[in-house]
Each structure stands twice: as structure tokens, then as C-alpha cells.
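First comes the structure, then the notes that go with it.
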Amino acid sequence: MNKRASLKSEQELRDQILSIASLGQVAMAMALGVELKLFEAMATVCKASPKHSATVAEVAAQAACKERYIYEWMAAMTCGNLIDVDPSGQHFSMRPEHIPVWIGGEGQLPEHSLHVIDFLPGFGGAFNKVKEAFRLDGPPGVPYSAYEDTFYTVMAAWSRTIHDGELCSGYMELIGALELLQKGVNVLEAGCGAGFHIEKMARTFPNSHFTGIDLTQSAINTATTRCEGLPNVKLICGNASHLDKKWTEHFDVVFFIDSCHDMCRPDLAINEVQRVLKPGGLFSMIEWPNGNGNVYEDRKKYGSAVSALFYAASAMHCLPVGSHVEGALQLGNMMGHGRGRKLLEMGGFAKDKIEVLEPPFMPYNCVYTARK
Ligand SMILES: C[S@@+](CC[C@H](N)C(=O)[O-])C[C@H]1O[C@@H](n2cnc3c(N)ncnc32)[C@H](O)[C@@H]1O
């Protein structure tokens, strides 16, 4: 059998390029729809209409946007087969059963891939810097500050869609932290971003104390607003590789949630985790995506669309930010369990106390746990 089964005929290759060019442009236009709440506007108009349809003027008025622009946008969404139009070309429709996919519904969040699309404009803003980082004579990577601050809010919104359901139940139970957190312990999350997880944990486990640290001040500002009024949360701008000297053996549980592969020196950060954990304390990392470290295996496991999404996001963001200082480990988001385990071992965790789990309730994530 041809092991390179994905290699295409010349025409198939041309078709694939055209399809990606088209979807790329549609994706950027969809990001506008997310940011300007155009899908919400269209859903609102359709829901109120007896024929479940909407005109450009109605959507434009509902979204407080210019009609001419909204026509172009609705036409792009129509040609992308995301919404529909009648033969007059005037009456657009969103199927009723599609509305929760776009805007969420009773107990249902919108489709999480919409947040993935919403990363695109922010990545685009750093495009030239990423391009320079690729060059032999360019800088080693791209600092977080080169990306729009919107990265952190989009990240938090997306984290909510993938972790809201199980973070404080299935996940905590899986890693053996549920009872601890319910009873009341000291918890650190390094790389807390805009604070989705800290807020959720602090509300669910009021007896525990949560400290969140992130490299970026604007992320900490957003997290601080989000956690306002929660007495059990402390948020600090700082580097996980150099934690407070006073924290030695202070924490019962330390989390890295989707932050390890974005760190330049996760090895130093994990050394610090060893220092700040109490003896017997628990360290857990959630890593998204759950890469293998071998692209052939990754494509086989996830299929082309999903594995390409992971690697392309890594090339545009995770790898450049995780490379931006000399000596950075340059993990990339598909680093694989072998690399992850090695980091924990190098950080001082005993081999037999490290576990890597793939919880079925968190697709595409993997969970590392280690005991001090
Ligand atoms: C992919 S985001 C994840 C944010 C958040 N944990 C979430 O899942 O929504 C990675 C975060 O790690 C932070 N980060 C990267 N390196 C760090 C370091 N050395 N110390 C502290 N935070 C760091 C980034 O600023 C960013 O907010």
C-alpha cells in the first residue's frame, strides 16, 4: 500500500489549494461575524420573522452595521454554505436547528470552532513578526506582546467551550483533586491567561485559595476584572520560571492549563513547581492538543483537517511565543507525551509518579499528573 496515500493528482492538489484559499477567506469573514455579533443579529431577525428569514437591511439594523458591508458578508456566508438565500437573492435564512450552533442555546454553548476561527485576526496581526522569526537571520521567536490582547479573551472564551463542563467535576476527580479542593487547599495556576479556569475553580471550591500567575499584564488585568469580588483569588503578573521565593512548599496543587507548550522554559517552570509544592503535593497539566510528536501519526489519528489546524496554529502562535528567548525549548503545541514526561522528570518528578491520561470527556486534550 502506498504509505503516502495523501499525495494527490495534480488536479486534486489544485482543487485542494482553491478550497483552502476559499475557506481561509471565509474564515476571516466569519471572525468578523463573531466579533461584530452578526450571527446573533441574523438569528434574532430570523427568530422574529414568520418565514424565518432576514433581509440585509434588517440584519444591518440589528447589528448596528453598514448595510453595504453586511450584504457582502451575508453573501460570503451564503456562498460558504453556512446560511441560505432564496432565488430572489434578497431573503436570507438560518435554519432554526442551526441557531444554537451559532449562538448557543438553553444550556448549550456555541460551536467551539467559532472561537478557533476568532484567533485568526490576532494571529494575522503578528504575521510579519512570525515571518521574520522563520528566517535564519531573524529573531528566535515572537513575544506575546506582538499578538493582539484579544488573544487572551478569545482564549478564555474558547477554554470555556472545551473545559466548562468537566473542569471542576470529571477532571478533578480523575486527577484525585476533587476532595482536596472541596476541603480547602492552596492552589497555583501558572499561565492563567484571562482567568477562565481560576474563576471557575474559585467559585466551585470556595474553601480553597487560588493564585494565578501570567506573564502578560493585560491578561492579568482581564482576569482581575473577571474574578472581582472573589475573596479566594489572587492574581499576579510574573514568570512561572521564577516564582516568589516565599512560596517554597506553599501549594497543595499546581496547575498548568494549556500553558506548558507556550512557555519558553517550561523546564525551569517545572523546577519551580517542585519547589513550591508541599511534599506529596499534586501537579497537573492539561495540554491541548494531544500530539504524538510524529506528524505522520498525528494526521492518521486526527485526520487532515484537525491535525492541520493544530500544526498551523502552532506555527502561527505556540511555537513563536515558546521560542522568543535565546535557549527556549520551542515545544510547539503537538510536543507529544514523550517530551512531556521528560520535562516532568527533568523537573524532579519521579518517573513512577508521572501519569499521562487521555480523558474521553476532554477530546483532543491530554492530562499529566505527578506527585512530589
Ligand atoms: C494558551 S494560553 C492559556 C491561557 C489559559 N490557561 C487558558 O487555558 O485559557 C497560555 C498562557 O500561558 C502564559 N505564559 C506563557 N509562558 C509563561 C510563563 N513563563 N509564565 C507565566 N505565564 C506564561 C501566556 O501569557 C498565556 O496566557
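The values are calculated or read from the model by the stated rules, or taken from the named source; none is laboratory data. Worth saying up front: this structure is predicted, and the values here are computed from it rather than measured. FYI the Cβ positions are ideal-geometry reconstructions off the backbone, even for glycines, and counts take in every protein chain you see.
Screening LEU180 with (1) surrounded by 18 or more Cβ atoms within 10 Å (Cβ to Cβ); (2) within 16 Å of the ligand (Cβ to nearest atom); (3) on the phi < 0 side of the Ramachandran plot; (4) of a type outside the set (Phe, Trp, Tyr) gives one miss only, at (2). Taken together, the residues in the stretch 336-357 that are modelled with pLDDT under 95 and farther than 18 Å from VAL273 by Cα amount to 3. Within the stretch 289-308, restricting attention to residues that are out of contact with any strand residue (DSSP E or B) (no Cβ under 8 Å at 6 or more places or on another chain) and within 15 Å of the ligand (Cβ to nearest atom), the residue that is nearest to TRP158 (Cα to Cα) is PRO289. So in the stretch 140-166, with the set limited to residues that are farther than 26 Å from GLU326 by Cα and not in a helix (DSSP H, G or I), which one is nearest to the ligand (Cβ to nearest atom)? If we take residues in the stretch 140-166 being farther than 26 Å from GLU326 by Cα and not in a helix (DSSP H, G or I), then ASP164 is nearest to the ligand (Cβ to nearest atom). For beta carbons closer than 6 Å, sequence separation of 6+ or different chains, a first residue in the stretch 219-230 that is assigned by TED's automatic domain parsing to the domain that holds PHE151 and a second that is at pLDDT 95 or above and in a helix (DSSP H, G or I), the qualifying pairs are ARG226/GLU199; CYS227/GLU199; LEU230/ALA202.
Among the residues making up the stretch 40-74, those that are among the basic types (Lys, Arg) and in contact (Cβ under 8 Å) with a residue 12 or more places away in the chain are LYS47, LYS51.
For first residues located in the stretch 129-154 and more than 16 Å from CYS318 (Cβ to Cβ), partners that are near the ligand (Cβ under 10 Å from one of its atoms) and lie 6+ apart or on another chain with Cβ distances below 6 Å form the pairs ASP149/SER218; THR153/ALA194. The residue that is farthest from the ligand (Cβ to nearest atom), among those in the stretch 211-245 that are part of a strand (DSSP E or B) and touching a helix residue (DSSP H, G or I) at 6+ places or on another chain (Cβ under 6 Å), is VAL233. Considering VAL187, VAL116, the condition of being in contact with a Leu (Cβ under 8 Å, 6 or more places away or on another chain), farther than 28 Å from GLY280 by Cβ and in contact (Cβ under 8 Å) with a residue 60 or more places away in the chain is satisfied by VAL116 alone.
Of the residues SER259, SER208, which is within 13 Å of the ligand (Cβ to nearest atom), of a type in the set (Gly, Ala, Ser) and in the same structural domain as LEU357 (by TED's automatic domain parsing)? Please lay out each step first, then the result.
Numbers: SER208 fails: within 13 Å of the ligand (Cβ to nearest atom).
Just one listed residue meets the conditions, SER259.
For the stretch 4-13, the count of residues that are part of a helix (DSSP H, G or I), acidic (Asp, Glu) and loosely packed, with under 12 Cβ neighbours inside 10 Å is at least one.
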